[in-house]
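Visitor: Once you've had a glance at the structure underneath, I'll fire off some questions.
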Amino acid sequence: MKGLGVRARLALWHAAVLTLIVCAFSAGILFFVRESLFAGVDRQLARALSTIDWVYHHEPHEIQELASESGIVLFRVVVDGKLLHQTDGWEQAGLSQAPVEPGTPPESWKGPDGTWYRVRAVAAPSYTIAAAVPEGARRDALWTLIVILASGIPLAAALAIAGGYFLAGRALAPVGAMADKARQITADSLGERLPVLNPQDEFGRLATAFNDTLSRLRDSFDRLRRFTADASHELRTPLTAMRSVGEVALQSELDAGRYREVIGSMLEEVHRLTHLVDSLLLLTRADSGAANPAREVVELGGLAGSVADNLRVLAEEKQQSLSVDAGARVEALCDPAILRLSLMNLLDNAIKYTPAGGAIHVRAKSTASGHSAIEVEDSGPGIAPAHRERIFERFYRADNDCGGERAGAGLGLAIARWAVAANGGRIELESEESRGSLFRIVLPARSG
């Protein structure tokens with residue numbers, strides 16, 4: 001069975017079950033017919049014994065004529081241990097040898113010549129009457145029925161196999177169609193879908209599940225293509241800038257000061273390239289699960305103040321006010337290094353997108369639901385609703401057309417979301433266009 005296909009196995013199982021049903025049905029028919037035939041013989045035998053008994057009591061002188069007048073040709077009457085009468089057929093059939101016990105149910109007995117008889121005896125205190133009826137015709141009918149049923153069972157099994165194979169082929173046709181279509185789908189044709197003949201049946205649900213999987217694969221491939229394209233672009237930009245600056249410097253005679261400016265410009269691009277590569281490596285480690293957070297109890301107000309102090313110089317360059325509100329002590333169980341990375345990216349984003357003279361507020365507090373939170377609120381341009389769902393995707397920027405200060409790789413928020421998720425938390429976003437944005441890091445509070 002293991003080497004057979006599903007269609008052949010279904011056909012064989014169908015044939016096996018149907019054959020068992022036919023066998024059981026045939027056995028039931030045989031039992032019923034046999035009981036009916038022998039019940040008829042027993043009734044005939046009972047009538048013969050009743051007739052002989054009546055003649056013996058009322059017209060005993062007629063008992064010798066009973067065989068010719070009533071057709072009862074096989075009987076014997078014994079009175080007080082002496083044989084009163086015995087038909088010729090009784091002796092010729094050898095029924096004197098039959099083990100007939102008065103008062104027992106009718107029994108089948110096979111004579112010396114191979115003929116079957118149904119024999120029974122009844123007894124009274126002074127006499128015993130035994131009679132027999134041939135079973136040959138009924139046994140022949142029973143054997144004819146057995147032959148018919150025995151011949152029909154293999155035929156029924158063969159028809160069951162053929163019919164099961166045909167029906168299994170019809171039932172499995174959608175699977176074949178799905179397999180043929182699936183072989184045609186490649187990485188370049190993930191937009192194609194498997195045929196769904198009936199969405200309500202099992203094969204329809206299977207095809208729908210495969211189509212959903214293909215949709216997810218297509219989305220993953222699209223994201224991978226975008227990621228590759230964006231990464232290539234982001235890597236090419238600083239390399240192109242360094243090459244251009246270097247070529248200009250080589251083509252011109254410059255003094256030492258000008259060369260220092262060229263080298264400084266190239267170092268800035270190197271720093272940008274290094275930061276981009278480090279971010280990509282961090283996200284790659286995050287995707288592979290290689291970054292395992294070492295959680296400990298962290299006071300969120302102190303962490304927020306430390307990050308703000310490190311980035312305060314960037315805010316001062318744009319004349320921005322950066323305030324930290326850490327009132328009551330707020331603690332959370334997290335990895336401080338990974339959480340610090342998330343907070344630095346959020347705060348750097350706020351400084352980058354807030355215009356000169358704007359305000360940025362950092363708060364550590366406990367939420368109404370009992371969680372610990374850090375909020376970073378700015379007075380920047382806000383985020384349009386169309387961008388909010390994708391703002392945490394890698395290389396996604398809501399300001400692709402902006403340059404200068406705002407030009408970034410688009411990895412900061414992706415790293416921030418991973419860092420918070422690695423600590424068992426989440427990032428919430430509240431934003432209105434032209435009214436700023438609020439990013440909220442929500443972490444599980446310290447238990448106990």
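The values are calculated or read from the model by the stated rules, or taken from the named source; none is laboratory data. What you see is a predicted model; the values in this text were computed from it and never measured. Cβ sites come from the backbone with ideal geometry, for glycine too, and all protein chains shown count toward neighbours. We work out accessible area using only protein heavy atoms, side chains counted, and drop any ligands, DNA or RNA first. Shrake-Rupley method; radii C 1.70, N 1.55, O 1.52, S 1.80 Å.
Visitor: Summarise the long-distance tail of P(r) for region 92-233 by giving the % of C-alpha pairs beyond 22 Å.
Guide: Tail of P(r) above 22 Å: 70 percent of Cα pairs.
Visitor: Per-residue ellipticity at 222 nm for the chain, helices alone: DSSP H runs ≥ 4 residues times -39500 (n - 2.57), over residue total, nearest 500 deg cm²/dmol?
Guide: Dividing the helical sum by the residues of the chain leaves -19500 deg cm²/dmol.
Visitor: Work out, in µm²/s and without decimals, the Stokes-Einstein translational diffusion coefficient of region 180-330 at 4 °C, 1.567 mPa s, Rh from Kirkwood over C-alpha pairs.
Guide: 59
Visitor: What are the ³J(HN,Hα) values, in whole Hz, obtained from phi via the Karplus relation 6.51 cos²θ - 1.76 cosθ + 1.60 with θ = phi - 60°, for each residue of region 207-220 in sequence order, with x given for Gly and Pro?
Guide: Per-residue couplings from phi come out as 4, 5, 5, 5, 5, 4, 5, 4, 4, 5, 4, 4, 4, 5 Hz.
Visitor: How big is D for region 152-220, in µm² s⁻¹ as a whole number, if Stokes-Einstein is applied with the Kirkwood radius of its Cα pairs at 37 °C and 0.692 mPa s?
Guide: Estimated via Stokes-Einstein, D reaches 236 µm²/s.
Visitor: For q values of 0.12, 0.20, 0.21 Å⁻¹, compute log₁₀ I(q)/I(0) with the Debye formula on a Cα-only model of region 1-147, without solvent.
Guide: -0.59, -1.19, -1.27
Visitor: Now, a different point. Determine, from the Cβ-Cβ distance of Ser244 and Ala182 and an R0 of 51 Å, the FRET efficiency 1/(1 + (r/R0)^6), rounded to the nearest 0.05.
Guide: Computed FRET efficiency for Ser244 and Ala182: 0.55.
Visitor: For Arg388 and Ala256, compute 0.36 nm times the residue count separating them, minus their Cα-Cα distance, and round to one decimal in nm.
Guide: Result: 42.7 nm gained on full extension.
Visitor: On alpha carbon coordinates alone, what is the Rg over Rh value for region 190-237, Rh being the Kirkwood radius?
Guide: 1.31
Visitor: For the chain, give the share of DSSP beta bridges that are antiparallel, in percent and rounded to the nearest 5; count only bridges with both residues there.
Guide: 90
Visitor: How much of Arg272 can a 1.4 Å solvent probe reach, expressed as accessible area in Å² and rounded to 10?
Guide: The accessible area comes out at roughly 90 Å².
Visitor: Which one of Gly40, Gly370, Gly382 has the biggest mean-square fluctuation once the chain is modelled by GNM with Cα springs under 10 Å?
Guide: Result: Gly40 has the largest fluctuation of those listed.
Visitor: For region 198-285, build the convex hull from the C-alpha positions and give me its volume per residue in Å³.
Guide: Taking only Cα atoms, region 198-285 has a hull volume of 90 Å³ per residue.
Visitor: Could you give me D for region 235-308, from Stokes-Einstein at 37 °C and 0.692 mPa s, where the hydrodynamic radius is the Kirkwood radius over C-alpha pairs? Units µm² s⁻¹, please.
Guide: It diffuses with D of about 208 µm²/s by this estimate.
Visitor: For the chain, report the % of Cα-Cα distances exceeding 34 Å.
Guide: Of the Cα pairs, 66 percent sit more than 34 Å apart.
Visitor: Residue by residue, what Karplus-based ³J(HN,Hα) values in Hz, rounded to whole numbers, does region 84-94 have, using 6.51, -1.76 and 1.60 with θ = phi - 60° and x for Gly and Pro?
Guide: So the J values, rounded to whole Hz, are 8, 7, 8, 6, 5, x, 4, 6, 5, 6, x.
Visitor: Evaluate E = 1/(1 + (r/R0)^6) for Ser151 and Leu206, where r is the Cβ-Cβ distance and R0 equals 60 Å; express this FRET efficiency to the nearest 0.05.
Guide: So, using R0 = 60 Å, E works out to roughly 0.90.
Visitor: Quick one: the Cα spread of region 261-386 along its three principal axes, in angstroms, biggest first?
Guide: Dimensions of region 261-386 along the principal axes of its Cα atoms: 53, 41, 33 Å.
Visitor: Step through the residues of region 324-340 one at a time and calculate ³J(HN,Hα) from phi using the Karplus curve (6.51 cos²θ - 1.76 cosθ + 1.60, θ = phi - 60°), rounding each to whole Hz and writing x for Gly and Pro.
Guide: Going residue by residue, I get 10, 10, 10, x, 5, 5, 10, 10, 8, 8, 7, 8, x, 5, 5, 5, 4 Hz, with x marking Gly and Pro.
Visitor: Additional query: Only sites in a loop by DSSP and with at most 14 other Cβ atoms within 10 Å count here; which trypsin sites (Lys or Arg not before Pro) in region 1-68 make the cut?
Guide: Lys2
Visitor: Please give, to one decimal in nm, the separation of the simple spin-label points placed at Leu142 and Leu235, each 7 Å out from Cα toward the Cβ.
Guide: With each label point 7 Å from Cα toward Cβ, the separation is 9.1 nm.
Visitor: Right, here's the next one. To the nearest Å, what is the center-to-center distance of region 302-376 and region 261-277, using C-alpha atoms only?
Guide: A separation of 27 Å, based on Cα centres.
Visitor: Further question on the same structure: Label points 7 Å out from Cα along the Cβ direction at Arg47 and Arg225: separation in nm?
Guide: 9.3
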